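> Sending over a structure as structure tokens; questions will come in a sec.
No lab work stands behind these numbers, since they all come straight from the coordinates. Only a predicted model underlies this, so the values are computations on that prediction, with no experimental measurement involved. Note: ideal-geometry Cβ built from the backbone for every residue, glycine included; neighbour counts use all protein chains shown.
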Amino acid sequence: MAEAKWTRRNFLKKAGVVTVLGTAGVLDISGNAWARAGTYATLIDLTKCDGCRDLAMPKCVEACRVLNEKRFPVPKKPIQDLWPQKTHDDWSERKDFINALTPYNWTTVHRVQVDGEEIFIPRRCMHCDNPPCADLCPFGALNKFSDGAVVINDSLCLGGAKCKAVCPWQIPQRQSGVGIYLKLQPIPAGGGVMYKCDFCHDLIRAGKIPACVEACEKRLGNKKPLYFGTRDEILRMARSRAKEIGGYIYGDRENGGTATLYVSRIPFDQINDKLSEKKAAPHMGKARSLIQDVNAWAAGFLLSPLAMALGALGLVMRERKRKEDDTERKEDGK
Amino acid sequence: MKERILKEENAVLRHSAIERAEHWLIAVSGLVLLFSGFGEFPMYKRYMVTHIPGLSWAGDFWINLKIHYLAAIVFTGAAVFHVVYHSLLGHRGLLPRKGDGKASLKTVLSFIGIGEEPPADKYLPEQRLAYAYIAAVSFILILTGLIKITKNLPFVYLPPALITGATLTHTLATFLFLFGVIAHLAALALKVNWPLIKPMFTGRVDLDYVRHRHSIWYDELIKDLPPEREPEKEEKTEPPAEHPEEGKGEPRGDQTPGEPRPVDEQPAETDKSEDKPATPQDS
């Protein structure tokens, strides 16, 4: 009988090996933060960006707005407060505001002075390799695509703003009075739709480059601070540029790695200090990957079922043995 | 363990220690999963659950996620144990049978005074249906949960459609799970079900209750009473901790309920040592 060959010791030994190998696999590979990275990335060289200071609106900001205007929210008014809270988010009367990320402005350029040097910093979604916004959205309304883009599905987004809360840079911005949450009313759930840069995902799929990079290139040619390319190229470029200027990179390690890299001659913590003085968001400070803390527990999903299956098998064998003994005893007694 | 009549206690051994441990592991981890799972919706802060003393942490998605992982590890482990253990031992008592839908309806109607409750086996027909429901929902939750855990790993790339599908299914199944838990707890509010609460803690259910409500099971238990034995033999042999025959909960749906007979009238003599509250050997 096959059953007889499955002694408990045998089984424990085999299962033990499988468990150890499985766990080792998870733990080893999970250290490689780059493995999930998308195909493309961008580099923003802060030593070259002049913030288009002679123009009313930086070219990258303008290009982003022009391209995405048709996707901007058109809220149904009056917008109700998000019960029981007495607030809601409405940027529809301030569509022209370009000094921060809003549902109508997915790229912004910050300006800071560090040691007498003026620095312009184009900001938008970092497009993390392992984006917590997409990982934690309870409706799967955010996705990381293989090109590297992290995209919000505005027809599925309920506007709970969890993505903003778990984003290390609080990038996504909510507009209330729009989206499928309105269909749930009067149930007080959801609060609008979240908006942010989508890395010009559709353009990349069509073999083109993001609008901001293209606009920057048109204006500055070879002197442009924005580059788009495969992530290997971009990473190489960032490292070599950082070496050349004795500078720093931001975005390669932050939150486990992103598809948006910055190079600067001035340390990023100094830039970040100035940003926080101005209360400008997003920051350029540390961004630890909190999803990695949670991932440390993932091995439990291999270990626990295996241990429990083993335990169950052990108990089943004991039970069967007892039954056999009982039968024998009964037969002996006859 | 084999379910059996404990004559001296006027009770029936209904759930082994293992079964009770399974139930409570699933119950506690399931409730923790529900709380932490709802904590993954952006709602505790908005609806001011975080204002409740001791729950200020509840608005933190990361804390909730860690709790959710931990409880899910317990839940998944217990579910795997449940399936392996009971399927290998051939336990089928909780699986739905033909006619359970109709019998459940009759039972529920009897609660509001329409008709009479049909005689039941160890489990009531609606318990078998409820079990199938919660097992199916749990299976969906575990499967989609595992996909969600996998996609969180930094080295894994899963297609967006799969992630959105698994995430939405997990979220919707959460509401089905919640509904199941509420229905389960609501059933406990009915007085007729009260005798079933104690055995979830002690393993023992009142014999008179079994005789009246679970007459099909009762007849089986009576049949299983050990045959008459010669006293000398019994003294020599250590009393078996359980009966050698089949595992508990075998399907007996095809049986017609017999007229309940008091234990005392049974021809078989119960071995006294068997009446002792057998420390369930499984614990």
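> For every helix of n ≥ 4 consecutive DSSP H residues, a contribution of -39,500 (n - 2.57) applies; sum these over chain A, divide by its total residues, and give [θ] at 222 nm rounded to the nearest 500 deg cm²/dmol.
On the way: 12 runs with 131 residues, N = 334.
One gets -12000 deg cm²/dmol as the mean residue ellipticity at 222 nm.
> Just rank A:VAL74, A:VAL114, B:VAL210, fewest to most, by other beta-carbon atoms within 10 angstrom.
With the fewest neighbours first, A:VAL74, A:VAL114, B:VAL210 line up as A:VAL74, A:VAL114, B:VAL210.
> Additional query: For A:THR42, enumerate residues with amide H under 5 Å from its amide H, sequence gap 5+ or separate chain, H modeled in the peptide plane.
Under 5 Å from the amide H of A:THR42 lie the amide H atoms of A:THR260, A:LEU261, each far enough along the sequence or on another chain.
> Let me check against my output: what whole-number percent is the relative contact order of the range A:77-233, with C-alpha pairs under 8 Å and at least 6 apart?
20
> Could you state the angle between the C-alpha long axis of helix A:268-277 and the longest principal axis of the C-alpha atoms of chain A, as a value from 0 to 90 degrees rounded to the nearest 10?
Value to nearest ten degrees: 70.
> So, in nm, how far is label A:ILE245 from label A:LEU184 when the simple model puts each one 7 Å beyond its Cα toward the Cβ?
The answer from the label model is 4.5 nm.
> Quick one: which residues, 5+ away or cross-chain, put their amide H under 5 Å from the amide H of A:LEU142? H built at 1.01 Å from N.
A:ASN153
> For the pair A:ASP273/A:ALA307, report the inter-label distance in nm, with labels modelled 7 Å from Cα in the Cβ direction.
4.8
> Right, something else. With respect to the cross-link table entries B:LYS106/B:LYS223; A:LYS144/B:LYS148; A:LYS59/A:LYS224; A:LYS164/A:LYS279; A:LYS162/A:LYS278, which display a Cα-Cα separation exceeding 23 Å?
On the way: B:LYS106/B:LYS223 27 Å; A:LYS144/B:LYS148 13 Å; A:LYS59/A:LYS224 11 Å; A:LYS164/A:LYS279 17 Å; A:LYS162/A:LYS278 25 Å.
B:LYS106/B:LYS223; A:LYS162/A:LYS278, as the Cα separations exceed 23 Å there.
> Hey, what do the phi angles of the range A:139-153 turn into as Karplus ³J(HN,Hα) couplings, whole Hz, using 6.51/-1.76/1.60 and θ = phi - 60°, x for Gly and Pro?
10, x, 7, 10, 10, 9, 9, 5, 7, x, 6, 10, 10, 8, 8
> Under a plain spin-label model, where a point goes 7 Å from the Cα along Cα-to-Cβ, how far apart in nm are A:SER155 and A:ARG236?
Going by the 7 Å Cα→Cβ label model, 4.0 nm.
> Connecting C-alpha atoms closer than 10 Å in a GNM of chain A, tell me which of A:VAL213, A:VAL151, A:VAL294 has the biggest fluctuation.
A:VAL294
> R0 = 51 Å: FRET efficiency of B:LEU172 with B:GLU9, Cβ-based, nearest 0.05?
With a Förster radius of 51 Å, E is 0.65.
> Would you please give the FRET efficiency between A:ARG318 and B:TRP57, computed as 1/(1 + (r/R0)^6) with r the Cβ-Cβ distance and R0 = 45 Å, to the nearest 0.05? Write out the running numbers ahead of the final one.
On the way: r = 42 Å, r/R0 = 0.94.
With R0 = 45 Å, the Cβ-Cβ based efficiency is 0.60.
> Stokes-Einstein D for chain A at 10 °C, 1.306 mPa s, Kirkwood Rh over Cα pairs, in µm²/s?
69
> In sequence order, what are the phi-derived ³J(HN,Hα) couplings for the range A:98-113 according to the Karplus relation 6.51 cos²θ - 1.76 cosθ + 1.60 with θ = phi - 60°, rounded to whole Hz, with x for glycine and proline?
10, 8, 8, 7, 9, x, 10, 8, 8, 9, 9, 10, 8, 10, 9, 10
> Would you mind ranking A:LYS144, B:LYS198 so that the residue whose beta carbon has the fewest other beta carbons within 10 Å leads the list?
On the way: A:LYS144 26, B:LYS198 15.
The most exposed by this proxy come first: B:LYS198, A:LYS144.
> Per the Debye formula with a single identical scatterer at each Cα and no solvent contribution, what log10 I(q)/I(0) holds for the range A:108-252 at q = 0.10, 0.14, 0.22 Å⁻¹?
Normalising to I(0) and taking log10 leaves -0.44, -0.80, -1.43.
> How many times 2.2 N^0.38 Å is the alpha carbon radius of gyration of the range A:229-276?
Numbers: Rg = 11.1 Å, N = 48, 2.2 N^0.38 = 9.6 Å.
Normalised Cα radius of gyration, the range A:229-276: 1.15.
> Let me ask another. Tell me, rounded to the nearest percent, the portion of alpha carbon pairs in the range A:246-334 spaced more than 21 Å apart. Don't jump to the answer; show the numbers that get you there.
Values: 2454 of 3916 pairs.
Considering the range A:246-334, 63 percent of its Cα-Cα pairs are separated by more than 21 Å.
> Starting from the amide H of A:ASP147, placed 1.01 Å from N in the peptide plane, find each other amide H under 5 Å away whose residue is 5 or more places distant or on another chain.
For A:ASP147, the qualifying residues are A:THR39.
> Taking only Cα atoms, what is the 0 to 90° angle, nearest 10, from helix A:231-245's long axis to the longest principal axis of chain A?
Roughly 60 degrees, rounded to the nearest 10.
> Tell me, what HN-Hα J-couplings in whole Hz come from the Karplus equation 6.51 cos²θ - 1.76 cosθ + 1.60 at θ = phi - 60° for each residue of the range B:114-131, using x for Gly and Pro?
9, x, 10, 6, x, x, 10, 7, 4, 10, 6, x, 6, 5, 5, 5, 5, 4
> Using alpha carbons only, how many degrees (0 to 90, rounded to 10) separate the axis of helix A:211-220 from the longest principal axis of chain A?
For helix A:211-220, the angle is close to 40 degrees.
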